[in-house]
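Below is one structure, written out as structure tokens; comments come after it.
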Amino acid sequence: MKIIAIMNQKGGEAKTTTVRNLSYILAQKKKKVLTIDMDAQGNLTTNSGILKREVNTIVDVFNGEKNINDIIINIDKNLDHIANNMSMSEFALFLEKNSGWTRILSNSIKEIEKEYDYIFIDCPPALDFSTYNALGAADGIIITLQAEENSVEGISDLIRSINMIREKDNEDLKVLGVVITKFKKSTNLQNQFKDLLVEHFGELVFNTVIRDTIKISEANYNHKSIVEFDKNSNGAKDYIALSKELLKRI
């Protein structure tokens, strides 16, 4: 069983979209998959077709009100989900004052680890309570980012933060790779930034890039994976290719 956190401290880098699509594709390969929404905005929960204000969330486990088995929601064959909503923000402020807060997610999911082949964690766009907990629980990290200056500038700082967490809380944590999202192949500037990433991070950069396509946005709007929405689209082809590359790395 592998636990994979999808992260970037910047918003709009397709973290949620990547969790949604990789998890669906692997579930279709007859792997038992769980997604955990650790973002208080609950976008992954909404994208999974769940009314986030009307369900129990991971916070109910953290505060001891629910057993983790009681909050798991089945969303497709072989694919389950644990929801989140804005209650996480208030809870995080309270919990960060207590010792051991960085391992609360890791401790919570020990009971169900053996039931899944893969657990994907969607992190918020910040290095906060939720992200630290995700990294404390994860075996590996996928960093999503766009090939543009604002996205590239913060990647070295992000790697340093990951190294710090590895040293303090999770010595087995490793970066599985960096995936470029929303990529416009015809744009010279984006190609230059892509080359810069490859030059700096080498084999950490996935060969697969996720091309910019309206189909992915339409799939998200319809609360579907891109493969469900349009299996012949560039987005579906890219995420299928990414899933195959990921399986070779874990």
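The values are calculated or read from the model by the stated rules, or taken from the named source; none is laboratory data. In this text the structure is predicted, and so the values were computed from the model without any measurement. With ideal geometry, Cβ positions are generated from the backbone for all residues, glycine too; neighbour counts draw on all protein chains shown. Areas reflect the complete protein model, heavy atoms only, side chains present, ligands, DNA and RNA absent. Shrake-Rupley method; radii C 1.70, N 1.55, O 1.52, S 1.80 Å.
For the chain, what is the charge dipole size about the Cα centre, in debye to the nearest 20, if Lys and Arg each add +1 at the Cβ and Asp and Glu each add -1 at the Cβ? If you can, show how the numbers build up before the last one.
Numbers: 32 positive and 35 negative charges, 166 e Å.
My answer is approximately 800 debye.
Can you give the extra length, in nm with one decimal, that the chain gains between M86 and A241 once fully stretched, where that is 0.36 nm per residue apart less the Cα-Cα distance?
Numbers: separation 155, 0.36 × 155 = 55.80 nm, distance 3.38 nm.
Residue separation times 0.36 nm, minus the Cα-Cα distance, leaves 52.4 nm.
Using the Cα centre of the chain as origin and beta-carbon charges of +1 (Lys, Arg) and -1 (Asp, Glu), tell me which of S186, S130, I82 is placed farthest towards the positive end of the dipole.
Of S186, S130, I82, it is S186.
Rank L26, V55, A14 by how far each Cα sits towards the positive end of the charge dipole of the chain (+1 on Lys, Arg Cβ; -1 on Asp, Glu Cβ) and give me just the farthest.
Result: L26.
Show me the trypsin sites (Lys or Arg not before Pro) within region 67-126 that DSSP assigns to loop and that have at most 15 other Cβ atoms within 10 Å of their Cβ.
Loop-located and lightly packed - K77, K97, K110.
Taking every DSSP beta bridge that has both residues in region 1-130, what percent is antiparallel when rounded to the nearest 5? It would help to have the intermediate numbers written out before the result.
Details: 3 of 17 bridges.
Here the antiparallel bridges make up roughly 20 percent for region 1-130.
May I ask you to list the aspartates and glutamates whose Cα is less than 19 Å away from that of K231, ignoring any residue fewer than eight positions away on the same chain?
Answer for K231, where 19 Å is the Cα cut-off: D76, D212, E218, E245, listed by chain and number.
For region 159-227, which whole percent of the accessible surface, found with a 1.4 angstrom probe, sits on carbon and sulfur atoms?
Working: 1950 of 4200 Å².
So the carbon and sulfur contribution to the accessible surface is 47 percent.
What is the antiparallel percent of DSSP beta bridges lying wholly in the chain, to the nearest 5? Display every interim value, and only then the final one.
Numbers: 3 of 30 bridges.
Here the antiparallel bridges make up roughly 10 percent for the chain.
Just to confirm, what accessible area per residue do you get for the chain at 1.4 Å probe, in whole Å²? Don't skip to the answer; put the middle values down first.
Working: 11670 Å² over 250 residues.
The answer is 47 Å² per residue.
To the nearest whole percent, what portion of all C-alpha pairs in region 108-224 is separated by more than 20 angstrom?
Values: 3469 of 6786 pairs.
The calculated P(r) of region 108-224 puts 51 percent of pairs beyond 20 Å.
Tell me whether region 47-90 comes out rounded, prolate or oblate; compute the Cα gyration tensor, take square roots of the eigenvalues as a ≥ b ≥ c, and use a/c under 1.5 as the rounded threshold.
Oblate.
Here is the link list: K52/K248; K32/K224; K2/K77; K168/K248; K66/K224. Which ones come out longer than 30 Å on Cα distance? List each step's numbers first, then the result.
Working: K52/K248 34 Å; K32/K224 18 Å; K2/K77 19 Å; K168/K248 28 Å; K66/K224 28 Å.
Check vs 30 Å cut-off fails for K52/K248.
About its Cα centre, what dipole magnitude does region 103-224 give when the only charges are +1 on Lys and Arg Cβ and -1 on Asp and Glu Cβ, stated in debye to the nearest 20?
On the way: 14 positive and 20 negative charges, 73 e Å.
Roughly 360 debye, rounded to the nearest 20.
Treat every Asp and Glu Cβ in region 57-132 as -1 and every Lys and Arg Cβ as +1, leave all other atoms uncharged, and give the resulting dipole magnitude about the Cα centre to the nearest 20 debye. Please list the in-between numbers first.
Details: 6 positive and 13 negative charges, 41 e Å.
Roughly 200 debye, rounded to the nearest 20.
Provide, in order from the shortest bin, the percent of all Cα-Cα pairs of region 91-148 in each 10 Å bin, continuing until the bin that contains the maximum pair distance.
Using 10 Å bins, I get a P(r) of 20, 49, 25, 6, 0 for region 91-148.
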